[in-house]
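Report on one structure; see the data block that follows.
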Amino acid sequence: MKSIGYTPDCGTCNYLILSLSKIDQFGEAMEVLKGMGRAGCVPDCDSYGGLIAELSEARKVDAAAEVVREMVCKEGVRLREETVAKVVGAMRGNREAGRAAEMVEMLEGEGVGVGFGVYEGVLEGCLEEKRFVLAGKVAAAMCGRGFIRARQRVVEGLVGVGEVEHAAVARRRFAEMSS
């Protein structure tokens, strides 16, 4: 493009990234994303978000998680909540609730606000996979955020795997928040 004197703007690059992603050319889309700085425009949350959403839809969660990590940790760009929800949904679909919980924890650690719906998706994934201890930890993190529909399943699951002490703590926390 430079050879003909054309300098693309962010919108053009984002369109190119999304178009390449839609036809499963994720490697090429990553190259466009990485080359945006050389083209004179800075990648934004739409640049990363479009690629992450398409990777999630294709259930390529390893690549999606890596792009999320690069976007947040290296570039300092903030994700939209719906993008995080798509990655968590793909991880849940692949039965990788543990990775989803790790990603949410990483995002929180980096100061990215993660919505209640995302936490709920991680919690449901943990319960589906019968990872009740992890579900208890996720539920504990959710306590200050609102109503937890799956609270009884969390407590019963913890009791079922012999974590009676954790179940009692979880039940007490749920009672304190009046959910």
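No value in this document is a laboratory result; all are computed from the given coordinates. Keep in mind the model is a prediction, meaning the values are calculated, not measured. As a convention, Cβ positions derive from the backbone with ideal geometry for all residues, glycine included, and neighbour counts pool all protein chains shown.
Once you wrap a convex hull around the alpha carbon atoms of region 23-119, what is its projected area averaged over all directions, in nm²?
Details: hull surface 23.1 nm².
Hull-based average projected area comes out at 5.8 nm².
Provide the FRET efficiency to the nearest 0.05 for the Arg59-Ala140 pair, computing r from the beta carbons and using R0 = 30 Å.
On the way: r = 29 Å, r/R0 = 0.96.
Computed FRET efficiency for Arg59 and Ala140: 0.55.
Bin width 10 Å, origin at 0, all Cα-Cα pairs of region 82-179: what percent of pairs per bin?
Histogramming region 82-179 at 10 Å steps yields 17, 51, 29, 3 percent.
Using only alpha carbons, build the gyration tensor for region 45-94 and give me the equivalent ellipsoid semi-axes, biggest first, whole Å.
Details: eigenvalues 55, 21, 16 Å².
Three semi-axes, in Å: 17, 10, 9.
Check cross-link reach from Lys137 to the lysines: straight Cα distance under 25 Å, and skip same-chain residues fewer than eight apart.
Lys86
How large is the Rg to Rh ratio of region 130-179 when both quantities use alpha carbon positions and Rh follows Kirkwood? Kindly include the intermediate steps, with their values, before the conclusion.
Values: Rg = 9.6 Å, Rh = 10.4 Å.
Here the Rg-to-Rh quotient is 0.92.
Subtracting the Cα-Cα distance from 0.36 nm times the residue separation, let me have the gained length for Cys45 to Val164 in nm, one decimal. The partial results should precede the final answer.
On the way: separation 119, 0.36 × 119 = 42.84 nm, distance 4.32 nm.
Extra length available between Cys45 and Val164 comes to 38.5 nm.
Report the FRET efficiency, 1/(1 + (r/R0)^6), for Met177 and Thr7, where r is their Cβ-Cβ distance and R0 is 41 Å, rounded to 0.05.
Working: r = 53 Å, r/R0 = 1.30.
Taking R0 as 41 Å, the efficiency between Met177 and Thr7 is 0.15.
Within region 1-82, how many Lys pairs sit with Cα atoms under 22 Å apart, leaving out pairs fewer than 8 places apart on the same chain? Write out the running numbers ahead of the final one.
Numbers: Lys2/Lys34; Lys22/Lys34; Lys22/Lys60; Lys34/Lys60; Lys34/Lys74; Lys60/Lys74.
Qualifying lysine pairs in region 1-82: 6.
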